[in-house]
Amino acid sequence: MNYFEQLAARSRAVGSLVCVGLDPDAKRTPISEVAARNRAIIEATAPYAACYKPNLAFYEQFGIEGWRALEATLAAIPGDIPVIADGKRGDIGSTAEAYARALFETWGVHAATLNPYMGRDTVEPYLAYKGRGLYLLCRTSNPGAADFQYLQVDGVPLYEQVARTVTSWSPDIGLVVGATAPDELRRIREIVPGASLLVPGVGAQGGSPAEVIAAAGAEPGTLVVNASRSIYYASDGADFPEAAARAAQALRDELAGAAASIHA
């Protein structure tokens, strides 16, 4: 199976569209505790996780010990659960080849996030790894997204041009579209109805799971909704694994309920 087929199979197996972000905050979790915390959260949330997404910056901040914690984290994720490496890479030539090699050979992840700003040739080294998934930034969830993503290009917003263009490059390409922009999310789904969407921005950023489902649908493999802080730091106490499991289960159930109400 390619990545998107694996994601669809996993989503159906656990009835979940939840991507669990594994993003340790250096101010809240010392590096000496990161690997153990991640293992505990993975074990607790696995029944509700369609996939996991470690953001590479949260490991790089710790230096070599952070990379070791990432290695231990990836080893703790069951083999049937896809892993998205969130690094938003974007560079040319041999640099892109090195990034792709790091992600898909050294770390062995199933999918990665990329920045499409520099064009198709910067994505092609990743596409050489057949069956791996790529999520390219399209309409992001941050306030500054409007600085460039709404600029008009041939009469339509840049994010629409990105959606159309990058998904034409390969069936292995999906899009990152923030939950905090439900109208744009709906428009992107209209433009590329079969594309797989990685949707961050629920939980701590305030996006609505119900609005995400209403805008993007709930077909397994074509949608995964990421929550990081709201699951990872559902508790700072000794009960953090149980709290993370409750948060992941609640998001899974909220998404499933929203999908059921649409089809009712």
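The values are calculated or read from the model by the stated rules, or taken from the named source; none is laboratory data. Predicted, not measured: the structure shown is a model, and the values here were computed from it. Note: ideal-geometry Cβ built from the backbone for every residue, glycine included; neighbour counts use all protein chains shown.
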With the structure loaded, tell me whether Glu5 is under 27 Å from Ala179 (Cβ atoms) and without any contact (Cβ under 8 Å) to a residue 24 or more places away in the chain or whether it fails that test. no
The listed residue being at pLDDT below 95 and of a type outside the set (S, T, N, Q), out of Ala96, Ala146: Ala146
Within region 162-264, helices (runs of 4 or more DSSP H) holding 2 or more residues that are more than 22 Å from Lys53 (Cα to Cα) and among the hydrophobic types (A, V, I, L, M, F, W, C): 182-191, 209-216, 240-263
When residues of region 21-73 are filtered for being farther than 23 Å from Val224 by Cα, of a type in the set (S, T, N, Q), in contact (Cβ under 8 Å) with a residue 12 or more places away in the chain and surrounded by 16 or more Cβ atoms within 10 Å (Cβ to Cβ), how many remain? 0
Which residue, of Asp80, Asp23, is under 23 Å from Ala243 (Cα atoms) and of a type in the set (Asp, Glu)? Asp23
From the set of residues in region 184-211 that are of a type in the set (A, V, I, L, M, F, W, C) and modelled with pLDDT of 95 or more, which is farthest from Ile231 (Cα to Cα)? Ile191
Go over the candidates Ala258, Ala210, Ala215, Ala195 one by one and state the one that is touching a residue at least 24 places away in the same chain (Cβ under 8 Å), farther than 26 Å from Arg39 by Cβ and either surrounded by fewer than 18 Cβ atoms within 10 Å (Cβ to Cβ) or not aliphatic (A, V, I, L, M) (or both). Ala210
May I ask you to list pairs of residues, at least six apart or on different chains, whose Cβ atoms are under 9 Å apart, with the first in region 95-122 being closer than 23 Å to Gly79 by Cα and the second being part of a loop (DSSP other than H, G, I, E, B) and of a type in the set (Lys, Arg)? Ala100/Arg132; Leu103/Arg132; Phe104/Arg132; Val109/Arg132; His110/Arg132; Ala111/Arg132; Ala112/Arg132
Does Arg28 meet the test of being basic (Lys, Arg) and either in contact with a strand residue (DSSP E or B) (Cβ under 9 Å, 6 or more places away or on another chain) or within 21 Å of Gly87 (Cα to Cα) (or both)? no
